[in-house]
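A.B. asks: Submitted below is the structure of interest, expressed as structure tokens.
The values are calculated or read from the model by the stated rules, or taken from the named source; none is laboratory data. Keep in mind that what you see is a predicted model, and the values were worked out from it rather than measured. Using ideal geometry, Cβ is built from the backbone for each residue, glycine included, and neighbour counts are taken over all protein chains shown.
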Amino acid sequence: MGLRCCRHKHSNQATTEENTQAAEIERRIEQETKAEKHIQKLLLLGAGEPGKSTIFKQIKLLFQTGFDERELQSYTPVIHANVYQTIKEDVLHARVRTTGVVEIQFSPVGENKKSGEVYRLFDVGGQRNERRKWIHLFEGVRTVIFCAAISEYDRTLFEDENKNRIMETKELLEWVLKQKCFEKTSFMLFLNKFDIFEKKVSKVPLNVCEWFKDYQPASTRKQEVEHAYEFVKKKFEELYYQNVTCDHQDRVFKIYRTTALDQKLVKKTFKLVDETLRRRNLFEAGLL
């Protein structure tokens, strides 16, 4: 009799412990699900070599703890470093083609500040053979950050030497804009590699690119850079509105001039992006 009671007592204790563990697991799942709802999904897109990966690395340096020793060492073969320590400037300049999908979670104003949004940024390879991996990431995207390397107007693709890079970027952006799952998605267009563009545009005519063949140079060399940039910006603006239906033209669309290697500019740009998206959230919640 005593043995049976003892077994019954142990059985009840085990059941209680199991129920407690199950309840704790449920609580954690509920907390994680709730937390996930407050994380906004950003997708970093663009054709091959628009500077996406450099922007991604800048975000890691600016809004996270930077690169750990393992990550620094992974870049060593690329930058031909020797026994000395790889520094962050080397990593930013290192060109490694993105394959697969990489992600990072960050907040431009800090994770613990209630006023700040938390973002999960996904970077995917831009070369043609990598784009098949994009589709499964499209669901639930709040904002697309599309990078266009405006300095590449006279260059051809890595994977197709007969295709102009700007023309490829134009066609790719058109395709992305027409995706049904992005009907309510905000678009941030980064006109990147401005540092190279401003040095090149006075030497290589902008109208060597088919899309820019109607470009007329500025009357003076001093005005050429801004004149050329505004022309390119207008081309992308027109492209956007040509590919957006009337009932979706009120979604957020912004264009930013960027240089991925300029950390101060990247930081300023993402602060502006954060401010724009927070205002959109307040508007959707009826608070603006």
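A.B. asks: Of these, ASP274, ASP214, which one is within 21 Å of LYS163 (Cα to Cα) and of a type in the set (Asp, Glu)?
C.D. replies: On the way: ASP274 fails: within 21 Å of LYS163 (Cα to Cα).
Sole residue among the options that is within 21 Å of LYS163 (Cα to Cα) and of a type in the set (Asp, Glu): ASP214.
A.B. asks: Testing TYR229 on (1) surrounded by 11 or more Cβ atoms within 10 Å (Cβ to Cβ); (2) touching a Ser or Thr at 6+ places or on another chain (Cβ under 8 Å), one condition comes back false. Which one is that?
C.D. replies: TYR229 satisfies all of (1) surrounded by 11 or more Cβ atoms within 10 Å (Cβ to Cβ); (2) touching a Ser or Thr at 6+ places or on another chain (Cβ under 8 Å) except (2).
A.B. asks: Here's a follow-up. When both residues are 6+ apart or on different chains and their Cβ atoms are under 7 Å apart, which pairs have a first residue that lies in segment 45-70 and is farther than 16 Å from TYR256 by Cα and surrounded by 23 or more Cβ atoms within 10 Å (Cβ to Cβ), and a second that is modelled with pLDDT of 90 or more and basic (Lys, Arg)?
C.D. replies: ALA47/ARG165
A.B. asks: Let me ask something else. Evaluate segment 256-277: report whether one residue or more is over 19 Å from the mean Cα position of the chain (by Cα), assigned to a helix (DSSP H, G or I) and of a type in the set (Asp, Glu). If you could, list the steps in order and put the result at the bottom.
C.D. replies: Initial filter on segment 256-277 (over 19 Å from the mean Cα position of the chain (by Cα)): none.
No; the residues of segment 256-277 include none that is over 19 Å from the mean Cα position of the chain (by Cα), assigned to a helix (DSSP H, G or I) and of a type in the set (Asp, Glu).
A.B. asks: Now, a different point. Somewhere in segment 176-187, is a residue among the aliphatic types (A, V, I, L, M) and either loosely packed, with under 14 Cβ neighbours inside 10 Å or modelled with pLDDT of 95 or more (or both)?
C.D. replies: No: zero hits.
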